[in-house]
Structure formats: structure tokens, C-alpha cells
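These notes concern the structure reproduced below.
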Amino acid sequence: MDEIVKDFLIESNENLDRLDQELVKLESEPSSKELLASVFRTIHTIKGSCGFLGFARLEKLAHAGESLLSRLRDGKLSLSAEITSGLLTMVDAVRRMLAAIQASGQDGEEDYAQLIELLARLQGETAELPAAVPANSPAAKVVAEPPPVSPDMRPEPDSDRESVAPDPAKIGGVLIERGLVQPDDLAQALEIQEKGRHKVGEILVAEGAARPEDVLAAEQTVESRNPQAAMETIRVGVTLLDRLMTLVGELVLARNQLLQFSNSTQDTGLQAVSQRMNLIATELQEEVMKTRMQPIGNIWNKFPRTVRDLAHSCGKEVRLVMEGQDTELDRTIIEAIKDPLTHLVRNSMDHGIETPETRQRAGKDPTGILTMRAFHEGGQVNIEISDDGAGLNGDRIRQKAIERGLIPAQQATRMPDRDVFNLIFLPGFSTAEKITKVSGRGVGMDVVKTNVEKIGGAVDIQSTPGRGTTVRVKIPLTLAIIPALIASCSGERFAIPQVSLSELVRLDAEETGKGIELVHGAPVYRLRGRLLPLVYLDRELGLRSGPGDEPSREAAINIVVLQAEDRQFGLIVDEITDTEEIVVKPLGKQLKGISAYSGATIMGDGRVALILDVPGLAQKARVIAEAHESAHEEARSQAGAEGVRDEHALLLAENGLEGRVAIPLSMVARLEEFPTTVVERAGAQEVMQYRGQIIPLVRLSQIIPPASEAEKLANAGSIQVVVYSEGKRTVGLIVDRIVDIVEERAAVEPLAPRMGIVGSFVTQRHVTDLLDVPALVRAAVPGLLDAAGSEAGSA
Amino acid sequence: MPSQQFCTFHLDGYLFGVPVPQVQEVIRYQPMTPVPLAPPAVEGLINLRGQIVLAIDLRRRLSFADRPPGELPVNVVVRTPDGAVSLLVDEIGDVIEVEESSFETPPETLHGPVRATIFGVYKLDGRLLHVLDTERACHAQDASAQAVDC
């Protein structure tokens, strides 16, 4: 394709994006000459260029649009919703033609005769009703009167950008706008300008119709209204920028290695060079980063149009509020979140915001508010899309999820609302009462989630019935280079993004004993009089699982005080090494499910270190607390249903030589002992025949590896099976030895977050893990409990 | 007769193969960074010339017995749509050429993770070549990845 056609396409597409916005804006302020002039200019430019490039169909369409616009501009027509829609349809048609040109080099087969007719009709219809047009200010008429491009008008040094007549982008228009010049004087001056070589401004000053300083100020205004004139730019391919970024990333790593090396030598020459190199690399990195950053406003620009169109088609009244348009994001990320954001906006419009009547009945303003907010937090970019609509209906979602077999009923009733809301991100979920063309086909939200996760982001949804819904998209700064604190824990190094870091506290050996206190089992530290909740990194990551492995009480403790969303917490690590600039590399999707990490990086020595996701970690620590509470609640509700006897009854079993686990007795169907010969295999799954059924067997020691293996010989020849049933499904859980049944409930402490364990408590002088049997079974035999019964035979 | 080249490797006594174009490289074992909380099949992360690559222990992925202590696995780095992934295998074999006609889909009686991760087998002289579905093998877990984080 010709360079010139390519340039035309790029420029036109950019202009069209602006056009959408401007037209929507124009609808709300129809008297803005400035907007109208800009819209007109864009269409005029497209028309001009395609006439020149030989795209006749496109030219014809653009011409129809231009004629309509020129009538608007001349004040012969006033903008109506119908005209705006017509113009927007034209913009879409132009866009399609541009796409056709891009694809085939031709402007397509479609000639849009109907649309052109519509545009002509819109033009004529109102023209027959001149009374409908309020007499516009004489200024507008006068300014618009001279023919757009008069043949004898010589382009003057700074008037050549003003391709057509329009006013506010010209000195005359600005002066009239400010009331500094009389329209009649300007008309006269324009006439003189056309005859001679003098500029309007000069003529006005010469005639004494305007003061020179006003003309100068007006000139500056004109400059600023033509932003393309402000800065010189060249177009650079994105792939080149990407490549540059990767190379800079490598350079930073090499720099880190060099620094480490030079620090270990005495060579002052080398040290000086590496210091210099360090500075240059840092600066280079900053600049290269900037080339890739774009304000999120660039993609938000199209939302006013989307919202307008949707509001019209759904019969709703919506006001769009955007905050933080200038929040900058890496451009690859901007591209990637475009579609998910569009979908979220559509969803809010369709499902969230109610019709004006419903809103009024609920005592709300009939106009709904859709807010889009972007801001940086914790090394991530947060984008929130909130509406003040009806909110999500937790019960309906539960019901739908059960109906569609997405989760079992038992689990649904136990789930807190917050988790229930997130079910709408499951594939095949849609709660729309009726399917509309806007959304509600049940293929949306899961795609949103997948797309956001693809770039390493996360989606979360919060909702208050009757008050509205907020969807928060968090996008990490992948590919970015960030400063981080390097801490180690259980021999592994972790990078903590410095943006989340508040301060570091070190408790000396003598202080640790009295410094850390317990509030109902939860460790806290008094930081300047306020209680700071503490999170042990090793426990959180399950790095130290066995008892007795705790760091000795006498050792000094390092607390990294972190800020996650609106709260502070202290993260206890073994050692704090250094701060370093790290290159964030995303983790593969295999590790996406782990909220504790936001990525990985390569350290100076070439080893990989994980980057901790501070908000994720905080949430994780809290999530455990929630599970803890709900376990209590569950126990209480079960006690209500099944009598007091089971209230505190726990089955104790051994897992490995020292590991003790507990299972709520209410979950145990039977206890059995079988010879090992009953174990058969169906594929890799161990199964056995039990009461005419084939039941899968789950070895506890395989899911929760014990600290030390029990001697297998001890009960070789037989296995101890805890039979667990949920609905029609039965599973056998093989434990090393059944110890006892106890009737007590000590406080369960959420220790290391290990899969399948609610928490730990002490009974019979042993630290015992309370098992979450359903979760265990789900992890061991995925799909068994959740499947809808069809595979029963083969399982 | 159409034929295809396979990079072969041994795993718990079985012979597996991956089409040669899918294999990026084979490197010897190197220390890796473990990923706490990850599914058990995830052995860790390695630095492959500035690229961070996830290493999956194929034995654990296919629910075979763990490698005897002291034996170091080999990294077979394969290309997947989501970037390179290293599969840890016992020992690397030859590159062999097989005829399409000797291919068969897995028998009905085969269940579990192996069935889900192989396309089928090629009947070689005296032994079977299991063709690994690398894309599936590179998923650290079957569909239940969320369970770990709950």
C-alpha cells in the first residue's frame, strides 16, 4: 500500500475517534461553534483526501456528511438527536470504508445510498422549516459567510493550517467570542483580506477595530486550539518500541550484575564507570518507559459515544463521569483492556442502571450515573467502573449458579455474598432476565476475566443491592521496571514493590517477646500506639508447615510495614537485603491462580525471585480469617440442626509420624478399615468397591504431605478409610491412623494457608490441623463433587 | 509415506515423544526458584537467558511416582501458545522418525491424567512411543487451579 494511503488511514482513524466524542459532546452543547467547526474540519479533510486518492464512494459519503454539517455550522439547522444519530452512523460507515481500504486498498462495494439519502433528508427537512432555526448571532453568519477556500486566498505563514473557513479556530472568531471586535468590523476586515495580502488581525489593528495585544492573545489561543501544531512528532512502530523496552530491561539486569560485581572489587576505575553506567541506564529506562505510556483517556474517549448509543437503545438516562483520564498505562496494556472495559460499561448500562421510571420509584434520580475511575495504587493501575443502579442480587446469582450446575447447592448457601458476586465471571453464567442485544448472552464476563488475566490483571466485583455495583480491574505494570525491596524468608528471596512499602521495623531479640502481642490469637504489633496486624510470610506461603519449625522466640524480627488498599499490615520476614530496580516479568497462566505473586524477576545473580503481590497477600490473610469465621458459623448452624452431641466432636487422625489432623465428625459418614487389596485403579485414580458403588480414594498424605513419613510397615496390609459423602457422591479418605474422637473446640488459628486446611488448634497437647474436607476432595478428584452425575459410572 | 520427527525422552520407564518443531531446546538440570502455594507439579522457575520459564515435573503432572532421590531430571523446553515451558523428564532420548500409519489413539481402557495428556501412541519395534499433548501437559493442573488459592 502507498505510504500516502497509509498515512491517510492512520490520520483519518484518529480523527474519527475524536469525531465520535465531539459529536456526543456537541449534542449536549449544540451551540458550541468550536466543536462544530472541528467536526466539520475532520469530515472536510477526509473528503478532500479521498477525492485526491480516488476513493469515490467514500468521498460521496463524506460529502453528504459535510453538506449536512455545513448547514449546521451556518446556523441554518440546529442539531437534533436524529441528526446526531445520522452523523454517527456516517462516522461508522466511514470507519468501515477505511477498514475496507486497509484490507483491500479499495473503499468497498457498499455505496451507503440509504445513508446518503438520510443525510440529505436530514438536511432538507429542517431547511424547509426555517422558523425552527432560531436566529443565530449575527457573528456566526458573518464569520461563516466567506467561501471555505477562496482561490485567491494565499496561505500566510500561520494561516495555512486553517484549511477551511471556521471561526473559533481563527483569530476573527476568537476576537468576536471575547467581544473584542464588532462582527461588522470583522466582516469588513475579511473582505479586505480576501482582496489583499494582509491578515485579518493586521487589518483590524490598522482600522483601529481591535487592540494589537488582543490580536496577539487571540493568535496564541488559535495556536493552542490547533494542538497538532504544538509539538513536532514522528510516528514510530510499536514493535520497535517493544523491542527497545525489552532491550532496556536486559540492560537493567546487566547493570545490576555489573554493580554487584564492581562492589566486590577494589578497582576504582571500574567502580566509577559502573556508577556512570548506572545513571545512564536509569535515565534511559525512564525515557523508554515514557515512550510507551499513554493516558487511559485515549481509549476512554469512545465511551461517551458508547454510553450515549446504549442509553438511547435501552431507553435509559445515563450520565458518564470519568476520573483520572490522564492515568498513564503501558500501551500494550491499554490495547488489551479496551474490549473488557467496553464490555463492563455495556453490562453496567444494561443490567446495572435501571430505567428512569424504576429509578424514580426507588426514590433515585432518574438519570443514572456511570463512573469510570482510573488511578495508580500499589504498583498497579486500578480501573473502576461503577454504576448507581440496582446492584447484584446475591440470591438470584446463587440460584442461577446452582441451576446451571456451576456450584453445588450446599456450597452456594455457605458462600459469602462477596464470593457469590464473583460467580458471574464463570463461563456460561448470565443472570439477565431477558436476553437483550446489548448483553446477556452469558459469554461476556468470563471473557472479560480471561482477557484481563491474560495481561496479568484481576477483576473483582462489589455490589450493594439498590445502591449499585463496582467492578474493579487491577492491572499490574507488567514489563515495567520498578523499585523493590528484596527480603528473604525460609531461604528464598522475594521482591516487594516499593510503592506498597511504608516503613521497616526491626525488633531486637529482647524486644520480640514483649513487642508482639496476640489479639484473640492474631499477632499484632504496637506501631506508635496503633495496633498493626502481623502476617508471617512463611506461614502465608506455607513455607514452614510443621510445628517446632517456628523461628526461635529470641531471634530478632523484621517487620515490613505495607500498605494495601486502605489498610496497613506488617509482614514478618527473616531478613531484609536491599532495594533494587527489578524488571517485572509476568507469571505464566499456570500460576495465575495464586494471588500472592504479581510476577517474577531475575536478580543480579541470575536467579529468579518472585514478586509479592501486597494487596493479594493482604486479602489472602484476611480470606483465611473469613474462612475461620465461617467455619465457626457453620459448626454452629450444624449444631442447631443435628443436636448438641456433634457440636464439638472432632475425629482425630494421624498424617505422617507427627502430623495430627481433625475432621468435624458431622462430615464423617463411616469409619472403615480394609485390607490394602481392596484398592483398585481406574486410570491413575485409586478406587475401591464400597456398598455396590465404586468410590474414589484420596490419600491424605499425598495432598497434605506430612512432615515425616510414618513407617508404612506399621499398618501395612490394611488401610484406614474415612468415608465422606456429599449428595450422592462418596469418597474415601485414607489416613495413616485414626486416633480418637474428642469433644472440644479450641480456638482455631489460621496459620499457614495450606489448601484443604481451615486452621490449626491444640488438642491433646498436639498441634492439629482442622481439615476442610470438601476442598480437599475437590483438589484431589477435580470435578467429582461438582459434576452433574453423568460420570458416576466411570469415577 | 508421510512421517514425522519426534524428540523422545524417558519417564518412569515409558518412552514419550514431542514433535521436533515444538521443542525449543533441551538443557540440563539447573537450580530453580520454588513457587510456594503452586500446584504440586510446578517444580519452580528457571532463568533461561533472561526469560523466566516455568518448570513442570512431568512425573508429578502425570501422577507417576516421584523421581528417586539423587537423580537429576533434564529440562525439555517446549513452545506453547503462552510462551516457553520446561518439562522435567528423566532422560533424553534420540530424535526418531515415525510413520503416520503406525499411529493409534489411546485405548479406551486408559484413564486419568495420562489419557488427557497424550494424543496417542506410535507402535515402534518392540515398544510404544507416547505422543505428549504439550499444551495440556503444560497446564500445571487439570482445571482445578483455583482450588489452591481458596
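Quick look at the numbers
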| item | result |
| --- | --- |
| Residue identified as at pLDDT 80 or above, farther than 20 Å from residue A:604 by Cα and either surrounded by 14 or more Cβ atoms within 10 Å (Cβ to Cβ) or hydroxyl-bearing (Ser, Thr, Tyr) (or both) among A:477, A:507 | A:507 |
| Residues (touching a residue at least 40 places away in the same chain (Cβ under 8 Å) and either of a type in the set (A, V, I, L, M) or not in a helix (DSSP H, G or I) (or both)) located in the range A:66-76 | A:68, A:74, A:75, A:76 |
| Some residue of the range A:319-331 being in a helix (DSSP H, G or I), touching a Lys or Arg at 6+ places or on another chain (Cβ under 8 Å) and at pLDDT below 85 | yes |
| Check on residue B:68, away from chain A (no Cβ under 14 Å) and without any contact (Cβ under 8 Å) to a residue 24 or more places away in the chain | yes |
| Residue within the range A:412-422 that is surrounded by fewer than 20 Cβ atoms within 10 Å (Cβ to Cβ) and at pLDDT below 65 present | no |
| Qualifying residue in the range B:47-60 (condition: in a strand (DSSP E or B), within 20 Å of residue A:608 (Cβ to Cβ), more than 12 Å from chain A (Cβ to nearest Cβ) and in contact with a strand residue (DSSP E or B) (Cβ under 6 Å, 6 or more places away or on another chain)) | yes |
| Unique match (being of a type in the set (Lys, Arg) and either over 25 Å from residue A:390 (Cβ atoms) or over 21 Å from the mean Cα position of the chain (by Cα) (or both)) among A:346, A:319 | A:319 |
| Filter result for the condition that a residue is crowded, with 17+ Cβ neighbours inside 10 Å and under 17 Å from residue A:604 (Cα atoms), over A:256, A:263 | A:256 |
| Residue that is farthest from the other protein chains (Cβ to nearest Cβ) [pool: residues in the range A:590-607 that are more than 20 Å from the chain's Cα centre (by Cα) and not basic (Lys, Arg)] | A:604 |
| Test for residue B:37: is it part of a strand (DSSP E or B) and either modelled with pLDDT under 90 or within 13 Å of chain A (Cβ to nearest Cβ) (or both) | no |
| Tally, over the range A:292-318, of residues that are assigned to a helix (DSSP H, G or I) and of a type in the set (Lys, Arg) | 3 |
| Residues of the range B:94-118 satisfying the condition of being assigned to a strand (DSSP E or B) and either buried (at least 16 other Cβ atoms within 10 Å of the Cβ) or within 14 Å of another protein chain (Cβ to nearest Cβ) (or both) | B:96, B:98, B:118 |
| Qualifying position, being closer than 22 Å to residue B:4 by Cα and surrounded by 17 or more Cβ atoms within 10 Å (Cβ to Cβ), among B:74, B:23, B:35, B:42 | B:23 |
| Residue in the range B:9-31 that is touching a residue at least 24 places away in the same chain (Cβ under 8 Å), within 11 Å of the chain's Cα centre (by Cα), within 18 Å of residue A:608 (Cα to Cα) and within 12 Å of another protein chain (Cβ to nearest Cβ) present | no |
| Residue B:73, sole failed condition from (1) away from chain A (no Cβ under 12 Å); (2) under 22 Å from residue B:123 (Cβ atoms); (3) touching a residue at least 40 places away in the same chain (Cβ under 8 Å) | (2) |
| Residue ID - nearest to the other protein chains (Cβ to nearest Cβ), chosen from residues in the range A:579-589 that are in a strand (DSSP E or B) and aliphatic (A, V, I, L, M) | A:583 |
| Filter result (of a type in the set (A, V, I, L, M) and farther than 22 Å from residue A:703 by Cβ) within the range B:17-53 | B:18, B:20, B:23, B:26, B:27, B:32, B:45, B:46, B:48, B:52, B:53 |
| Candidates A:742, A:735, A:767, filtered to the one that is at pLDDT below 75 and either more than 37 Å from the chain's Cα centre (by Cα) or within 23 Å of residue A:538 (Cβ to Cβ) (or both) | A:742 |
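The values are calculated or read from the model by the stated rules, or taken from the named source; none is laboratory data. This one's a predicted model, so the numbers in the text were calculated from it and none came from an experiment. Cβ coordinates were reconstructed from backbone atoms using ideal geometry, including for glycine residues, and neighbour counts include every protein chain displayed.
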